[in-house]
């Protein structure tokens, strides 16, 4: 499983990365978590507001922070 955090390094982007790691750990699953900071690559996903969360190449949210429970649900759906 690949999880991508889309954002240029803002505080919310860092928070989303920490939340994604926490969700993966809580589920006791393995996932590769990547940060995508390149604006062109972020826009390739159709994301215009950061932070963005992509799980297995599907955009799950952008422009806001989801809850850890939401992230866990998306991870379970994608697996």
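Worth a mention:
- Taking segment 1-22 as the range and being more than 17 Å from residue 62 (Cβ to Cβ) and either touching a helix residue (DSSP H, G or I) at 6+ places or on another chain (Cβ under 7 Å) or crowded, with 20+ Cβ neighbours inside 10 Å (or both) as the test, the residues that pass are 1, 22.
- Residues within segment 47-75 that are over 18 Å from residue 11 (Cβ atoms) and at pLDDT 95 or above, tallied: 13
- Against the numbered list (1) over 10 Å from the mean Cα position of the chain (by Cα); (2) surrounded by 14 or more Cβ atoms within 10 Å (Cβ to Cβ), residue 76 comes up short only at (2).
- Annotation note: Cβ proximity below 6 Å between a residue of segment 32-53 that is without any contact (Cβ under 8 Å) to a residue 24 or more places away in the chain and at negative phi and a residue that is in a strand (DSSP E or B) and surrounded by 15 or more Cβ atoms within 10 Å (Cβ to Cβ) (sequence gap 6+ or interchain) occurs for 49/62.
- Among the residues of segment 13-23, those that are touching a residue at least 12 places away in the same chain (Cβ under 8 Å) and under 11 Å from the mean Cα position of the chain (by Cα) comprise 13, 15, 16, 17, 19, 20, 21, 23.
- Scanning segment 23-34 for residues that are in a helix (DSSP H, G or I) and touching a helix residue (DSSP H, G or I) at 6+ places or on another chain (Cβ under 9 Å) yields 23, 24, 26, 27.
- Checking each residue of segment 49-68 against the condition of being assigned to a helix (DSSP H, G or I) and exposed (fewer than 12 other Cβ atoms within 10 Å of the Cβ) gives no match.
The values are calculated or read from the model by the stated rules, or taken from the named source; none is laboratory data. Remember, it's a predicted structure, so these values are computed and weren't measured experimentally. So basically every Cβ, Gly included, is an ideal-geometry build from the backbone, and we count neighbours across all protein chains shown.
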